[in-house]
Amino acid sequence: MAESQNLMEKIVSLCKRRGFVYQGSEIYGGLAGIYDFGPRGVELLNNLKKSWWQANVYDKENFYGLDSGMFKHPRTWEASGHVGGFADPLAECRTCHARIRVDKELANVGVTADEKMSEDAINELFDQNRDKIKCPVCGKKDFTRAKAFNLLVKSNLGDFTSEGAEPVYLPGEACQGIYLDYKNIVDTMQPKVPFGVAQIGKAFRNEISPRNFLFRTREFEQADTQLFIRPNENKEAYEALKKDRWNWYLSLGIKENKLRFKQHENLVFYAKDAWDIEYEFPSGFDEVEGIHDRTDYDLSQHMKFSGVDLNYTDPTTAEKYIPWILETSMGMGRVFLAVLCDAYYEDEMDGETRVVLKLAPHLAPVKAAVFPLLKNKPELVEKAREIYSALKKQIPQIMWDDNGNIGKRYRRQDEIGTPWCITIDFDTLGETPELKDTVTVRDRDTGQQTRVPVAELSGFITSKINL
Ligand code: GAP
């Protein structure tokens, strides 16, 4: 346990030190559960999104991309069930006022509280097990009754001072935008069932105890696909989706033995079946993505609340039905963290211990760093600048680095996961005539150095990224 905590601490520290992730509002003392992605982090995040979009829009024939507005009509969240049912049961410690999630604390002592349980039912279970549950802060066992605490984040929009105005909410889950635009997509794109809609969008939850760095935050991004299928044709399509999503994680270079599927025993209010893809984080296996069989729940609810007919009409048979929905919903922050945990190594190279992120080249925030061997030799700097500028036009994620000696530059690039370091030396200038216009390319994982002609550099890197 201590070792795994240590690994998480090392990752948090590397993220700060190397510009991947910062605590949100840090100069004001921070804001719990909110993080900012720094210059290296945003590149890794964008690479992840690009890979996800490729797999879920471009590689599929019948999937459509979407970017819906964050604010939605207030009735959206009533129809979705979030206003009434999206709540955690919380109790307060009477001694130190810390709040606990009663369902989680019950689970820790081996008691399962059904997600659909009423407040009274969960309190009955709580009362039966109070002697086993200690406050994680002060250790006392004196708690208030459990009360449902809604996770939706309320906001206001326009003038809501007038009487009877309804509150607007920040999205509790990004997928609702897809349901609200389902009719627009059907009317404008004329897709044939089965078809899918993919979206990466922000979600906000009033998590009572944000924890484990990016794992549980109050603001996060979800990458969702909703597959619209014929009623009752869910089984085969569900299995195919699970397999497809599993393979995407492998394409990120994540080790297969660090992944597993877990079926939900207690289903959330909208799901008929639910499986998670879990990653083994330093704190143990935990959810990165949920794959849910949502049946016709969402479209039926929105049809009922909006009064708009959301039936799909089969273009061949004219049959009308409400499509069922199979959902995949992945937390971007969680997959970001999983990728970092998986890529983090401390090993020995050139007689020194180094920290290295062995990121898949297509995910690395910097694909290659270009160095002049010595920064006080203008002829080397000039040639290196020329090579750097030409390469950057073809591969934007290229970095210039002339700070410190070559060893220090390698260590710095290893820590941010740069797969290749390119050094321009006197041989590049023609000191050894047969090596003129070649550079040294050093491989991050093996430390091996090869001589590559300048004219082939871009092809050398892109062929490996595209692998
Ligand atoms: N639309 C379905 C849905 O929202 P969910 O299981 O609540 O389902 C899907 O969330 C994914 O969103 C999770 O697998 C997780 O990766 C991510 N997620 C959920 N809550 C999160 C939080 N507080 N912080 C970071 N990621 C979160």
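The values are calculated or read from the model by the stated rules, or taken from the named source; none is laboratory data. Owing to the predicted nature of the structure, the values given are computational and were not obtained by experimental measurement. Here the Cβ positions follow ideal geometry from the backbone for every residue, glycine too, while neighbour counts run over all protein chains shown.
General remarks:
- Scope the stretch 353-377; condition assigned to a strand (DSSP E or B) and either among the small types (Gly, Ala, Ser) or free of Cβ contacts under 8 Å to residues at least 12 places away in the same chain (or both); matching residues: Thr353, Ala368, Ala369
- Yes/no for Trp52 being buried (at least 19 other Cβ atoms within 10 Å of the Cβ) and in the same structural domain as Asn184 (by TED's automatic domain parsing): yes
- In summary, strands (runs of 3 or more DSSP E) completely within the stretch 378-455 and bearing 2 or more residues that are of a type in the set (D, E, K, R) occur at 438-443.
- Filtered by the rule that a residue be basic (Lys, Arg), surrounded by 13 or more Cβ atoms within 10 Å (Cβ to Cβ) and under 30 Å from Gly307 (Cα atoms), the stretch 69-128 gives Lys72, Arg75.
- Of the helices (runs of 4 or more DSSP H) that lie entirely inside the stretch 33-144, those containing 2 or more residues that are closer than 30 Å to Thr225 by Cα and under 21 Å from the mean Cα position of the chain (by Cα) span 39-53.
- Of all residues in the stretch 319-352 being surrounded by fewer than 17 Cβ atoms within 10 Å (Cβ to Cβ) and not in a strand (DSSP E or B), the one that is farthest from the ligand (Cβ to nearest atom): Gly351
Yes/no matrix, rows are residues, columns are (1) more than 30 Å from Ala174 (Cβ to Cβ); (2) charged (D, E, K, R):
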{"position": "Ala113", "(1), (2)": "no, no"}
{"position": "Ser118", "(1), (2)": "no, no"}
{"position": "Phe126", "(1), (2)": "yes, no"}
{"position": "Lys141", "(1), (2)": "yes, yes"}
{"position": "Ala146", "(1), (2)": "no, no"}
{"position": "Asn150", "(1), (2)": "no, no"}
{"position": "Lys154", "(1), (2)": "no, yes"}
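- Count of the stretch 242-281 residues, restricted to those that are more than 13 Å from the ligand (Cβ to nearest atom) and modelled with pLDDT under 95, is 3.
- On the stretch given as the stretch 282-292, residues that are touching a Lys or Arg at 6+ places or on another chain (Cβ under 7 Å) and more than 12 Å from the ligand (Cβ to nearest atom) total 1.
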